[in-house]
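I have a structure here, written as structure tokens, and I will follow up with some questions on it.
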Amino acid sequence: MYRPFLEHLQQKLQSSFDLQPLTIPAGLDYRANERGRQPTTIQSWCYTCPELRKIRYTYIDGGENAQVFNSVIYPSHGYELPLLGVDLLSFGKKKNLIVLDFQPLFRDEAYLARYIEPMRILRERYSDVAQDVEMKFYDANQYFSKYLLFARTDAETIEGRMFAAYCDYLDLYWQLLAAAVPLDDPEDVRRIVKAQKDYDQYSADRDPASGLFSSYFGHEWAERFLYEFLFEDAVPLA
Ligand code: BLA
């Protein structure tokens, strides 16, 4: 269901950036669960390039029971740009959740004006897709922008309007990246390093997918996947 989203991202990355693959820790790049009638697979990809220090995406394919596409793009430490976050989930035919955002690392006015305000026009263009759903796991005021696309919706909307929204949001992200000037003051870079690390810690500690990973692939694998791959700059809770 989300393969076109993955392919769109992959094509853009391959055509516009000098990608180098990053090694995914052994056993975390692919896993299949053969229990039950419907096998479920999880596969991940990870790259780096001069502008983007970590590009990762994951696809869970459990046939009609589960389709998930999740991605985070971390700009290089000289760029204070938000992270690109994508989380598209479908369970069964009915339960679909889509989240797409430029995840801000800072919240001061100047930062929001520079990196978040440009999203407003897209958020308005796709106001028919977005909903004001309340967050249960995360704090909407931390690492999310006010123009995120967040909705529980149907397959038809996802394949049509949502795919169009995704392409437009990604295009805007590439534009912001192209316009960004890397910072080279070590103080700025340290601030960005810390903010990206804090994002990993926050995300790993609250990830609503940890139960899902455990149920499909076991608790031990799920913990490794979270702390060694998805959010590798986070340290596991004691
Ligand atoms: C919610 N994301 C969820 C849920 C799951 C995942 C299972 C709960 C769905 C529900 O409420 O029914 C799944 N999260 C994943 C998967 C991965 C993961 C599969 O990290 C990794 C492979 N989540 C992100 C990113 C964003 C994000 C990058 O990983 C940003 C766009 C957002 N996911 C996000 C939000 C919710 C969510 C906002 C709703 C959580 C809430 O209600 O607080």
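With an 8 Å cut-off on Cα pairs and a minimum separation of 6 or more residues, tell me the relative contact order of the chain in percent.
Taking the mean separation of contacting Cα pairs over the length of the chain, I get 16 percent.
Once Rh is set to the Kirkwood radius over Cα pairs, what Stokes-Einstein translational diffusion coefficient, in µm²/s, holds for the range 178-238 at a temperature of 20 °C and a viscosity of 1.002 mPa s?
So the translational diffusion coefficient is about 164 µm²/s.
Going toward the positive end of the dipole of the chain, with +1 on Lys and Arg Cβ and -1 on Asp and Glu Cβ, which of 231, 66, 6 do you reach last?
Going by the Cα projections, it comes out as 66.
Quick one: dipole size for the range 51-185, taken about the Cα centre, charges +1 on Lys/Arg Cβ and -1 on Asp/Glu Cβ, in debye to the nearest 20.
Around 300 debye, computed over the range 51-185.
Which whole-number value in Å² is the accessible area per residue of the chain, probe 1.4 Å?
Result: 49 Å² per residue.
Follow-up question, since we're still on this one. Using R₀ = 30 Å, calculate the FRET efficiency as 1/(1 + (r/R₀)^6) where r is the Cβ-Cβ separation of residue 110 and residue 197; round to 0.05.
My answer for the efficiency is 0.85.
Determine the dipole magnitude for the chain: charges of +1 sit on the beta-carbon of Lys and Arg, -1 on that of Asp and Glu, nothing else is charged, the reference point is the Cα centre, and the result goes in debye to the nearest 20.
Here the chain has a charge dipole of around 540 debye.
Still on this structure: Simple spin-label model, 7 Å along Cα-to-Cβ: residue 178 to residue 228 in nm?
Going by the 7 Å Cα→Cβ label model, 3.9 nm.
Now for a separate question. Going by accessible area, probe 1.4 Å, with all protein chains left in place, what is the ranking of 134, 64, 187, 117, largest first?
Most to least solvent-accessible, the answer reads 134, 64, 187, 117.
Express in nm, to one decimal, how much length is gained between residue 8 and residue 206 on full extension, taking 0.36 nm for each residue of separation and deducting their alpha carbon distance.
Full-extension gain reported as 68.4 nm.
A further question follows. Can you give the relative contact order of the range 126-187 as a percent, counting alpha carbon pairs under 8 Å and 6+ residues apart?
37
Also, I was wondering about something else. Give the average over all directions of the projected area of the C-alpha convex hull of the chain, one decimal, in nm².
If I average the Cα hull's projected area over directions, I get 13.0 nm².
Over the range 3-220, with every protein chain in place, what whole percent of the accessible area is carbon and sulfur at 1.4 Å, could you tell me?
Percent of accessible area from carbon and sulfur atoms in the range 3-220: 50.
³J(HN,Hα) across the range 153-158 via Karplus (A = 6.51, B = -1.76, C = 1.60, θ = phi - 60°), whole Hz, x for Gly/Pro?
After applying 6.51 cos²θ - 1.76 cosθ + 1.60, I find 9, 9, 4, 5, 4, 5 Hz.
Contour minus end-to-end for residue 18 and residue 163, with contour as 0.36 nm per residue of separation and end-to-end as the Cα-Cα distance?
49.7 nm
The values are calculated or read from the model by the stated rules, or taken from the named source; none is laboratory data. What you see is a predicted model; the values in this text were computed from it and never measured. Positions of Cβ are backbone-derived with ideal geometry, glycine not excepted, and every protein chain shown enters the neighbour counts. The area values use the complete protein model at the heavy-atom level, side chains included, leaving out ligands, DNA and RNA. Shrake-Rupley method; radii C 1.70, N 1.55, O 1.52, S 1.80 Å.
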